[in-house]
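One structure is given below, encoded as structure tokens.
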Amino acid sequence: MYEFVAKGLRTTILTVCALGASAAIAQIQPAQTAPANLDAVSSTASRYSVLSDALWTMGSDAVPERLDTAQAAFAANPRSAEANLRLGLAMRLEHPEAAALIQRFYEEALRLDPKAPRAYAVMGEFLSDQGDAEGVARNYQAWLAFAPNDPRAHLSYALALGRLGQMPEARAALDKSLALGPISAAYQLKAVLAEGGPPEEVLTALEAALKVGGGEDRIYYYRARMRWARGETGLALADVAKGLEYAPTSFRFRQLRGEINADAGRYDLAIAEYDALIAQQPGWPDLINDRCWARARAGVDLQKALVDCDTALGLDPGRAEALDSRGLVKLRLGDLPGALADYDEALKTDPPVPTALFGRGVVKRRSGDPAGGDADLGKARALEPAIDQQFARFGVNP
């Protein structure tokens, strides 16, 4: 849900960024389709959820508008702080590689309206994502200079500090936010910061967030995933059901329900869920890979599973999860060389995918390489101690 990592976008500053703003905008083409909300986006890039966090601290879960819509608003009033901010947000969503140009629009928004909290929040997200600790400090010093008692400012600062990996400072900023006034998002962030400690601390923070109110769909989604990870399938599905009361058309809740059912061996329910979602949004590689993985584990419709994995990889080449899924499909089909090639490719990631290591170990053992197989199986077990039981549930043993 939240990724406290100084990501750095590995940007390639576009040539157009050296041009004047209007000329640069003219050369950036809007996407053919754009999301209306967080649940409608393709998950081909994690920046959608990353970007939404900045707006979430300000009480909004809305994903920015299409780039062409924001361009039109800017063209109508280029001296508007809001138009500059909207254009920077839309560009960040559709063209995150244009970092210099995005920052220019954010800076212009703040120059035109130096007391715009939303602009400071978005700038803080941008700078922390770039790993610019000094820039983050300057941004929040400027915001807090005129709003020292705004709990949203301290919450946004906590989120930015967390992204930079400055966890003690992030906790201090969060405590300040909560002392100034309870905000549901602050309690949600407190739950995230409590991960790794007693589970009761996380649950208590989430209950406090629900009591304050606001962002219930986020809370139930997060708690459902947490409970699923702890093996509490029934409670996880109950949270999914509650979340769907707040977001009845949510793709992410329905996808999660499919994942939980698949993990519980209810493959028919999972595949039916994925069928319905893929029919609505056929270009979402996550969903297509999920259906491939469910079929692979169930050992049913393996040729259809192969088509799904090929499709997911066509949409997102080199995707480790899809290569892992296809490796299992090929293993079940008896194509050991093909499975080995897919597992080898999937394991180029760091850290390695435990299921791919285990699958490759099985393939090597069946291919006459017991030593190599045992080595892979040992590595997989070290990463995931229960992995033998996981594979045994769908009928694959070393």
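The values are calculated or read from the model by the stated rules, or taken from the named source; none is laboratory data. For clarity, every value in this text was computed on a predicted model and none was experimentally measured. No Cβ is skipped: glycine too gets one built from the backbone with ideal geometry, and neighbour counts run over all protein chains shown. Accessible surface areas use protein heavy atoms only, side chains included; no ligands, DNA or RNA. Shrake-Rupley method; radii C 1.70, N 1.55, O 1.52, S 1.80 Å.
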Worksheet entry | Inter-site label distance for A172 and A145 at 7 Å from Cα along Cβ, in nm | 2.0 nm
Discussion item. Of F146, P168, M123, which is farthest towards the positive pole of the stretch 47-206's charge dipole, taken about the Cα centre with +1 and -1 on the beta-carbons of Lys, Arg and Asp, Glu respectively?
Written reply: F146
Item to complete: Would you calculate the separation in nanometres between label points at D388 and A100, each defined as 7 Å from the Cα along the Cα-to-beta-carbon direction?
Response: 5.7 nm
Worksheet, complete the sentence: If R0 = 22 Å, then A133 and E195, at their Cβ-Cβ distance, give a FRET efficiency to the nearest 0.05 of 0.45
Fill in: Relative contact order of the stretch 254-332, defined on C-alpha pairs under 8 angstrom at six or more residues apart (%)
25 percent
Worksheet item: Could you give the angle, 0 to 90 degrees to the nearest 10, between helix 285-298's Cα long axis and the longest principal axis of the Cα atoms of the chain?
Response: 20 degrees
Worksheet item: What figure in square angstrom, to the nearest 10, would you give for the accessible area of L306 with a 1.4 Å probe?
Response: 40 Å²
Worksheet item: Any idea how far apart R366 and R111 come out in nm if each label point goes 7 Å out from Cα toward Cβ?
Response: 6.3 nm
Practice prompt. Express in whole angstrom the spacing between the alpha-carbon centres of the stretch 219-274 and the stretch 70-143.
Written response: 35 Å
Item to complete: Would you work out the charge dipole size for the stretch 274-330 about its Cα centre, treating the Cβ of every Lys and Arg as +1 and the Cβ of every Asp and Glu as -1, and quote it to the nearest 20 debye?
Response: 180 debye
Practice prompt. Return the whole-Å distance between the Cα centroid of the stretch 155-217 and the Cα centroid of the stretch 344-373.
Written response: 39 Å
Worksheet item: Under the rule of -39500 (n - 2.57) per DSSP H run of 4 or more residues, summed and divided by the residues of the chain, what mean residue ellipticity at 222 nm is obtained, to the nearest 500 deg cm²/dmol?
Response: -21500 deg cm²/dmol
Discussion item. Quick check for me: using +1 on Lys/Arg Cβ and -1 on Asp/Glu Cβ, what's the dipole size of the chain about its Cα centre, in debye to the nearest 20?
Written reply: 120 debye
Practice prompt. Run down the lysines and flag those whose C-alpha is under 18 Å from the C-alpha of K211, throwing out any fewer than 8 positions away in its chain.
Written response: K190, K242
Discussion item. Using a Cα-Cα cut-off of under 20 Å, which aspartates and glutamates could be cross-linked to K364, ignoring same-chain neighbours fewer than 8 residues away?
Written reply: E321, D324, D335, D342, D344, E345, D374, D376, E384, D388
Practice prompt. Would you list which lysines come within 23 Å of K304, measuring only between C-alpha atoms, while excluding same-chain residues fewer than 8 positions from it?
Written response: K330
